[in-house]
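This report concerns only the one structure given below.
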Amino acid sequence: MLGSLVGQLLGGTGNTGASSGGTGQGLDLTDLLGAGMNYMAAKQNGKSDVEALTGALMSGSTMAQAPYRGQSGEVVTSALLSALTSMMKK
């Protein structure tokens with residue numbers, strides 16, 4: 001869902017690549033399991049929670065198909081998560 005939002009913000013289509021429903025819209029079990037696996041793999045590789053979460057969110061988007069788009073998407077997602085985190089602490 002956040003991957004779709006970031007994809008739309010950066011000019012992508014916003015559809016998730018791992019959706020098995022055929023429509024490419026919304027989340028299904030495959031999307032959630034894939035994101036969870038990517039998060040766990042990133043944590044095992046020593047990434048912080050925010051880095052692992054942004055990588056997991058971006059892995060399900062079409063932005064992740066090109067390395068430079070995936071990296072820019074991770075930067076935007078990380079900034080959004082940091083902003084949300086700081087707003088929640090207030």
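Numerical summary
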read-out	value
Ranked list, fewest to most other Cβ atoms within 10 Å of each Cβ, for T62, T30, T85	T85, T30, T62
Mean Cβ count within 10 Å, highest first, over the residues of peptides 75-82, 44-51	75-82, 44-51
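Since every read-out is calculated from the coordinates, none of them should be taken as a lab result. What you see is a predicted model, and the numbers here were worked out from it, not measured in a lab. When we count neighbours, we look across all protein chains shown, and the Cβ atoms used for this are built from the backbone with ideal geometry, even at glycine.
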